[in-house]
Structure formats: C-alpha cells, structure tokens
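Asker: Structure below; questions to follow.
The values are calculated or read from the model by the stated rules, or taken from the named source; none is laboratory data. A quick note: this is a predicted structure, and the numbers were derived from the prediction, not measured. Glycine gets a Cβ as well: all are built from the backbone with ideal geometry, and neighbour counts include every protein chain shown. Remember, those area values only see protein heavy atoms, side chains included, never the ligands or the DNA or RNA. Shrake-Rupley method; radii C 1.70, N 1.55, O 1.52, S 1.80 Å.
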Amino acid sequence: MAKYIFVVGGVISGVGKGITSASIGKILQSRGCRVTALKIDPYVNVDAGTMNPTEHGEVFVLDDGTECDQDMGNYERFLGRYLSKDNYMTTGSVYLSVIQRERNLEYGGRCVEVVPDIPLEVINRIKNAEKKNKADVVIVEIGGTAGEYQNILFLEAVRILKVRQPKDVLLILVSLLPALSAGGTELKTKPTQYAARTLNAAGLQVDLIMGRAPIPLDEKRREKIAFICGLASKDDVISAPNVDSIYEVPLNFEKDHLSDRLFEKLGLRSKQHDLNEWRSMVKRVKRVTEPVKIGIIGKYFGSGDFVLEDSYISVIEAVKHAAAEVNRKPVIQWLNSEEFERSKTALRKLLEYDGIVVPGGFGSRGVEGKIAAIQYCRENKIPYLGLCYGMQLATVEFARHVAGMKRANTTEIDPRTPYPVIDIMPEQKSNLANKHYGATMRLGAYPAVLSRGTIAGKAYDGRKISERHRHRYEVNPEYIERLKNKGLVFSGTSPDERLMEIMELPPAKHPFFLGTQFHPELKSSPLHPHPLFVRFIGAAKARAAARKR
Ligand code: GLN
C-alpha cells in the first residue's frame with residue numbers, strides 16, 4: 001500500500017509549493033522510495049493549454065501531449081522521470097469525467113453530487129497514478145492557497161482519504177513567514193497560524209509545516225508554530241529559507257532532517273541515503289563564477305520592466321543546466337522584441353551578448369523585432385538558438401534575406417504573403433476553422449532523424465531522437481528545396497522526411513545558428529542537461545572568451 005503526502009500552500013500563492021513538492025520527492029527518492037508526483041490545479045480550464053503564459057506561467061508539455069502546469073516540469077527535473085496525463089488534474093478535468101460518466105449511466109441511476117462524487121473521483125485519479133507509476137510514495141500538490149473557495153473539494157478528498165487510511169496520509173503546509181523589520185530578521189508567525197486553523201475548519205490537521213522565509217527559522221519560532229498549529233514537535237517545522245539555486249532546496253530540507261521526519265511519521269524504513277550526485281551538481285552550480293551572457297527575446301512580460309520569468313521557466317532552467325555543464329555562470333537578460341522594431345540602434349546592443357535565444361510564442365506582437373534580431377545574430381555571428389517560433393522565424397529571416405524571398409512570412413502572421421515558408425499543417429486547418437483550440441496542436445513526443453556531421457547530429461548520442469512539440473505551423477514543404485539550395489541545413493526531420501524538425505547553418509558560415517521545431521527545454525534536467533543547449537552555451541562560452549581578448 002502506498003503512502004500519500006499532500007502539499008498545500010498558506011498565506012500567499014507562489015510560496016514555492018512546486019519546488020517543495022519536487023524536493024520532498026527528491027529526498028524520498030534518494031532514500032530508496034519509488035516516488036511519483038501529481039499536480040492539482042483548482043481552475044475550470046480542462047488543461048493549461050488554453051491559458052496565456054502571463055496569466056499562469058509557461059505551459060509545460062509531457063511526452064503524451066498533456067498541456068499542463070509548469071510545476072510538472074519541476075517534478076520531472078527533480079525526479080529525473082517523465083510523467084504522464086495521470087499525474088495532472090484540474091477542477092475542469094475532474095468535473096468533465098464525472099459528468100461524462102453520469103451521461104453514460106455509470107452511476108446506476110443515483111443522484112450524482114458535488115460531495116462525495118467529486119472528491120472520490122480525485123481519490124480515484126490519485127490511486128490510478130500510484131498504480132501506473134508503481135509508486136510507494138505519492139506526492140500530491142494542491143494548487144491555490146488554504147482558505148480559498150477554489151480548492152475546497154480537493155481538501156475534502158484529503159480528508160476522506162485520511163479517514164480511510166489514517167496511517168498513510170500526511171498533510172504538509174508550505175507557508176510564508178513575512179519579515180517586516182528593516183533587517184528582516186523578525187519573522188512573523190501569525191499568518192501561518194491562521195492558515196493552519198483554516199485547514200482545521202476543513203477537517204484537516206497539518207502534520208508538518210515548511211516555513212518559507214528569507215532566513216532559516218530560529219528555535220523560538222519553530223516552537224511557537226508547532227505549539228499553536230498542533231504539531232507533534234518543533235522538529236515538524238522545517239526551514240525553507242531563500243536560496244541561490246532551487247536545486248539546493250532538497251539539501252536544505254535535509255539539514256532539518258525532513259526525510260527522517262517523513263519516514264517516522266509514515267512508518268517507512270530504509271538505510272539508503274544517497275544525495276551525492278545531486279549534492280555535487282549543486283556544488284558545481286554554486287562554484288562557477290565566470291559569466292556567460294545570454295539574452296532571451298520575448299514578449300510575455302508583465303507591465304513595465306517586470307518580467308514574468310515563469311513564462312519561460314523551462315528555457316531558463318535549460319540554460320542554467322547547460323551553463324553548469326560547461327562551467328559557466330549564466331547571466332540571463334530579458335530583451336523585449338518590440339524594442340528592436342522601434343529602433344535599429346537597439347540591435348547593436350545584441351553585440352554585448354554571448355548568445356541569443358528566441359523561445360516559443362504565438363501571434364504577431366513583436367514578431368518583426370524578433371526577425372530583425374535574428375538577422376543581426378546571423379550577420380554578426382552571435383550564437384543563436386531558436387525554439388519552435390524561434391526556429392520558424394529564423395526560417396522566415398533566411399528566406400527573406402538570404403534566399404531572396406521578399407516579404408516571406410509565416411501564414412500565422414500574414415496569410416497573404418507571397419512566400420508562405422511557414423504554413424499551417426494541413427491537419428490543423430479544420431481545428432482553427434471550427435474553433436477547436438483546446439489540446440488540438442501537434443503535441444507531445446514525436447521522433448526525428450538526424451543528419452550525420454551536422455551540429456545536431458554531433459550533439460545527440462544516437463541518430464533517432466524523440467522530442468516534445470506544441471505547434472500548429474511547420475516549414476512549408478514547397479520551399480524546402482529552395483531554402484536548402486541557398487545553404488540552409490535541415491539537420492533533423494520526421495522519419496518520413498515530411499516535417500522539418502531542426503534547421504541550422506553550417507559551421508563554416510556561423511559558429512552556432514540552430515532552431516528546433518520542438519521544445520528541447522522541456523526535457524533538460526540538472527543531472528542531464530539538454531545536448532543542444534550544451535552546444536549552444538558552449539558556443540556562447542567561446543564568444544565570451546573571444547570578447548574578453
Ligand atoms: N506559433 C507557432 C505555431 O503554432 C509556434 C508555436 C510555439 O512556439 N510553441 O506553430
């Protein structure tokens with residue numbers, strides 16, 4: 001029988017539940033447990049695919065094509081395992097399956113009710129994920145914050161499961177301890193007390209509290225929280241101070257003996273304790289000081305100078321993984337593509353960078369600025385990595401400025417372009433015409449075959465790869481020969497050679513200019529940096545060294 005650890009947040013959203021859940025998973029894994037992790041999102045959207053990244057952060061994509069919350073990416077990166085649709089649910093998806101089952105008369109004619117049928121469906125799904133993953137510990141992160149209306153039915157699922165299996169369920173509260181004094185050393189416990197009490201009102205007693213604060217919690221604070229929130233001991237209050245690298249979090253938790261506490265409470269036993277590989281990775285990340293300056297050109301920014309890093313979280317992490325691999329400290333800067341539309345001199349700023357990334361995107365805003373920046377990188381030999389939209393726009397740029405196809409474009413932007421070098425995939429046309437937007441893109445893992453001797457061919461181990469996709473447009477097959485004749489290399493294609501998966505320029509023409517139709521960032525992890533990112537940062541490192549000279 002498996003054990004279940006539920007993680008809920010208190011006081012504010014964005015308190016770090018995702019990293020906490022992933023870190024708990026990591027340390028239990030290091031002690032020999034077979035861990036899986038689930039994310040519950042308390043919104044009515046059936047999946048995250050229809051949400052704007054500025055609204056909810058990056059849309060993460062799994063091998064099976066599930067479009068989900070970015071926390072699923074954290075779980076994969078920490079656990080080093082690929083997850084599936086069984087590990088993700090939203091209020092909308094839970095209701096959808098209950099209603100579908102009701103329509104199929106599967107409730108045998110009885111009245112179907114919000115309680116207990118919705119929480120029971122939640123429990124079913126958790127158990128299904130447990131079985132599919134053959135897990136002995138299941139970590140379930142409940143989105144939202146204790147005390148809000150949205151996640152109440154998920155808390156009810158925890159309550160029911162705890163009544164049924166009291167020895168197998170643990171509830172962890174990740175809560176904020178604000179510091180108001182100037183030096184920031186006096187941490188306030190009251191909001192955490194309220195959060196724990198709010199859970200009491202939902203019939204739940206917290207077992208452990210992770211105290212998020214700028215600094216580690218002192219003994220007095222831990223005693224007070226334990227006493228008032230009804231914890232067994234002050235050792236059940238774990239410090240979760242701010243850290244330089246998120247990968248440090250599991251190591252920090254272990255300073256407070258978290259895995260021992262969990263093992264004791266859940267009645268688990270193991271002698272194994274192996275976080276060594278992880279520890280040396282963290283050491284390496286923290287040791288490197290030599291910078292490599294990477295610019296990411298995007299448009300999913302918040303207002304003013306505020307950048308919603310969450311919109312590009314996997315890209316940022318993949319850059320970090322690769323930089324650590326080549327012993328460099330990434331300095332990431334955000335470049336607003338619209339700036340390159342307003343002034344040509346803005347482009348000259350790109351020379352200060354060691355590498356430029358144009359990540360995935362949709363729609364027309366900022367596109368001409370991205371194309372101008374890509375042209376500048378190509379002409380000035382600045383290492384360039386294009387991810388999905390970044391690959392499509394690099395193809396457009398090459399068509400316009402090298403292959404002589406004036407006003408070439410993607411039909412996503414200009415349906416009447418004389419040279420539609422990027423065009424909608426035939427199978428996608430009816431989706432758009434019928435407004436079927438949800439979960440209808442080309443999604444998830446597809447294979448590609450690499451050409452020998454190219455950058456991509458050398459980067460990966462084998463010739464056949466599998467990468468994750470999320471797009472509706474593709475390189476138009478009618479223009480492939482013309483682009484190739486002008487020197488563009490398609491170094492990765494679908495096995496039937498119909499779809500262009502990777503484009504690049506030969507090393508004689510450019511130190512590193514490569515774009516992928518897929519999203520390599522979704523499969524990078526700190527212990528296994530993605531080979532294309534490693535090559536890209538390697539080229540950026542070489543440029544940094546040359547710039548210094
Ligand atoms: N908008 C492009 C498409 O749909 C690219 C998508 C992306 O970058 N993920 O094909």
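Asker: Taking the alpha-carbon centroid of each part, what is the distance from region 175-216 to region 446-481 in angstrom?
Answerer: Between the Cα centre of region 175-216 and that of region 446-481, the gap is 49 Å.
Asker: Then there is this: Charges only on Cβ, +1 for Lys and Arg, -1 for Asp and Glu: so what's the dipole of region 184-223 about the Cα centre, in debye to the nearest 20?
Answerer: So the magnitude is around 160 debye.
Asker: Can I ask one more? Quick one: if the Förster radius is 35 Å, what FRET efficiency do residue 232 and residue 310 give, using the C-beta to C-beta distance and rounding to 0.05?
Answerer: 0.50
Asker: Measure out, as a whole number of angstrom, how far apart the alpha-carbon centroids of region 80-124 and region 222-269 sit.
Answerer: Here the two parts' Cα centres lie 33 Å apart.
Asker: How much accessible surface does residue 111 have with a 1.4 Å probe, in Å² rounded to 10?
Answerer: Ignoring ligands and nucleic acids, residue 111 comes out at about 90 Å².
Asker: Measure nothing but the geometry: give the 0 to 90° angle between the long axis through the Cα atoms of 531-548 and the longest principal axis through the Cα atoms of the chain, rounded to 10°.
Answerer: Approximately 70 degrees, to the nearest 10.
Asker: Here is a follow-up. Using the heavy atoms of the protein chains and a 1.4 angstrom probe, tell me the accessible area per residue for region 352-395 in square angstrom.
Answerer: It amounts to 22 Å² per residue over region 352-395.
Asker: Taking the Cα atoms of region 364-423 alone, what are Rg (to one decimal) and Dmax (as a whole number) in Å?
Answerer: Computed over the Cα atoms of region 364-423, radius of gyration and Dmax are 10.7, 32 Å.
Asker: I need the fraction of alpha carbon pairs in region 350-456 separated by more than 17 Å, rounded to a whole percent.
Answerer: Percentage above 17 Å: 61.
Asker: Taking the Cα centre of the chain as origin, work out the dipole magnitude from +1 charges on Lys and Arg Cβ and -1 charges on Asp and Glu Cβ, in debye rounded to 20. Intermediate values should be presented prior to the final figure.
Answerer: Details: 79 positive and 65 negative charges, 294 e Å.
With only Lys, Arg, Asp and Glu charged at Cβ, the dipole is about 1400 debye.
Asker: Say R0 is 51 Å: what FRET efficiency, to the nearest 0.05, do residue 201 and residue 284 get from their beta-carbon distance?
Answerer: My answer for the efficiency is 0.65.
Asker: Roughly how big is region 403-471's charge dipole about its Cα centre, with Cβ charges of +1 (Lys, Arg) and -1 (Asp, Glu), in debye to the nearest 20?
Answerer: With Lys and Arg at +1 and Asp and Glu at -1, about 120 debye.
Asker: Within region 477-547, list the GluC sites (Glu not before Pro) lying in a DSSP loop whose Cβ has at most 11 other Cβ atoms in a 10 Å radius.
Answerer: 497
Asker: Ignoring ligands, DNA and RNA, what percent of the 1.4 Å accessible area of region 369-450 is carbon and sulfur?
Answerer: C and S fraction of accessible area: 50 percent.
Asker: OK, next. Please determine, in degrees from 0 to 90 and to the nearest 10, the orientation of helix 114-132 with respect to the longest principal axis defined by the Cα atoms of the chain, where the helix direction is its Cα long axis.
Answerer: The angle comes out at about 70 degrees.
Asker: I'd like to check one number: the per residue accessible area of region 250-341, probe 1.4 Å, reported in Å² as a whole number.
Answerer: Averaged over the residues of region 250-341, the accessible area is 50 Å².
Asker: Shifting gears a bit: How about region 123-168: which GluC sites (Glu not before Pro) there lie in a loop by DSSP and see at most 13 other Cβ atoms within 10 Å?
Answerer: 148
Asker: Can you divide the C-alpha Rg of region 222-282 by 2.2 N^0.38 Å and report the result to two decimal places?
Answerer: For region 222-282, the normalised Cα radius of gyration comes out at 1.28.
Asker: Right, next: Rounded to the nearest 10 Å², what accessible area does residue 286 show when all protein chains are kept and the probe is 1.4 Å?
Answerer: Taking all protein chains as shown, residue 286 has close to 100 Å².
Asker: Past 20 Å, Cα to Cα, is the threshold; run 381/486; 293/458; 344/381; 17/299; 162/265; 381/541 against it and keep the listed order.
Answerer: Beyond 20 Å between Cα atoms: 293/458; 17/299.
Asker: What Kirkwood radius, in Å to one decimal, follows from the Cα pairs of region 195-333?
Answerer: With all distinct Cα pairs of region 195-333 included, I get 18.1 Å.
Asker: Can you return the aspartates and glutamates within cross-link range of residue 329? Criterion is Cα-Cα under 15 Å, with same-chain partners fewer than 8 residues away left out.
Answerer: 244, 290, 317, 354
Asker: Given the chain, what percent of its DSSP beta bridges are antiparallel, to the nearest 5?
Answerer: 30 percent
Asker: Something else about it: Calculate how large, on average over all directions, the projected area of the Cα convex hull of region 450-549 is; give the answer in nm² to one decimal.
Answerer: So the mean shadow area of the Cα hull is 7.6 nm².
Asker: Beyond 19 Å between alpha-carbons counts as too far, so tell me which of 429/464; 26/271; 320/509 fall in that bin. Walk me through the numbers before you get to the answer.
Answerer: Values: 429/464 29 Å; 26/271 16 Å; 320/509 27 Å.
Cα-Cα > 19 Å for 429/464; 320/509; rest within.
Asker: Mind checking the full-extension length gain between residue 64 and residue 458? Use 0.36 nm per residue of separation minus the Cα-Cα distance, one decimal, nm.
Answerer: Stretched fully, the residue 64-residue 458 segment lengthens by 139.1 nm.
Asker: How much length would be gained if the chain were fully extended between residue 97 and residue 549, taking 0.36 nm per residue of separation minus their Cα-Cα distance, in nm to one decimal?
Answerer: Stretched fully, the residue 97-residue 549 segment lengthens by 156.5 nm.
Asker: Counting residues in region 262-358 as N, plug N into 2.2 N^0.38 Å and put the Cα Rg over that result.
Answerer: Rg over 2.2 N^0.38 Å, computed on Cα atoms: 1.54.
Asker: Quick check of the Kirkwood formula: for region 321-360, what is the inverse mean of 1/r over all pairs of different Cα atoms, in Å?
Answerer: 11.9 Å
Asker: Using a 1.4 Å probe, how large is the accessible area of residue 297, given in Å² and rounded to the nearest 10?
Answerer: Its accessible surface works out to 0 Å², give or take rounding.
Asker: If you don't mind, another one. Taking the C-alpha atoms of region 1-140, how large are the radius of gyration and the largest Cα-Cα span, Dmax, in Å?
Answerer: 15.6, 48
Asker: Can I ask one more? Just the number, please: carbon plus sulfur as a percent of the accessible area of region 30-114, 1.4 Å probe, no ligands or DNA/RNA counted.
Answerer: 51 percent
Asker: Could you bin all the Cα-Cα distances of region 330-402 into 10 Å bins starting at 0 and give me the percent of pairs in each, rounded to whole numbers?
Answerer: Computed distribution, short to long bins: 20, 61, 19, 0.
Asker: Here's a follow-up. Based on DSSP H runs of at least 4 residues, each adding -39500 (n - 2.57), what is the mean residue ellipticity at 222 nm of the chain after dividing by all its residues, to the nearest 500 deg cm²/dmol?
Answerer: Only helices count here, giving -11000 deg cm²/dmol.
Asker: Hey, can you find the accessible area per residue of region 420-549 for me, probe 1.4 Å, expressed in square angstrom?
Answerer: Values: 5790 Å² over 130 residues.
Solvent-accessible surface per residue comes out at 45 Å².
Asker: Go through 260, 496, 354 and list them by solvent-accessible area, largest first, probe radius 1.4 Å. Display every interim value, and only then the final one.
Answerer: Working: 260 75, 496 110, 354 5 Å².
Largest accessible area first, the list is 496, 260, 354.
Asker: Taking a quarter of the surface of the convex hull around the Cα atoms of region 163-263, what do you get in nm²?
Answerer: Numbers: hull surface 27.5 nm².
Mean projected area for region 163-263: 6.9 nm², to one decimal.
Asker: Next question, about the same structure. Relative to the present Cα-Cα distance, how much length would full extension add between residue 167 and residue 13 at 0.36 nm per residue of separation?
Answerer: Contour length minus the Cα-Cα distance gives 52.5 nm.
Asker: Could you work out what % of the accessible surface of region 174-242 is carbon and sulfur, using a 1.4 angstrom probe and leaving DNA, RNA and ligands out of the count? Walk me through the numbers before you get to the answer.
Answerer: Working: 1770 of 3170 Å².
Taking all protein chains in place, region 174-242 shows 56 percent carbon and sulfur surface.
Asker: What per residue convex hull volume, in Å³, do the alpha-carbon atoms of the chain yield?
Answerer: On the way: hull volume 91.3 nm³, N = 549.
Once divided by residue count, the hull of the chain is 166 Å³.
Asker: Which distance in Å, rounded to a whole number, links the C-alpha centroids of region 328-357 and region 494-530?
Answerer: 21 Å
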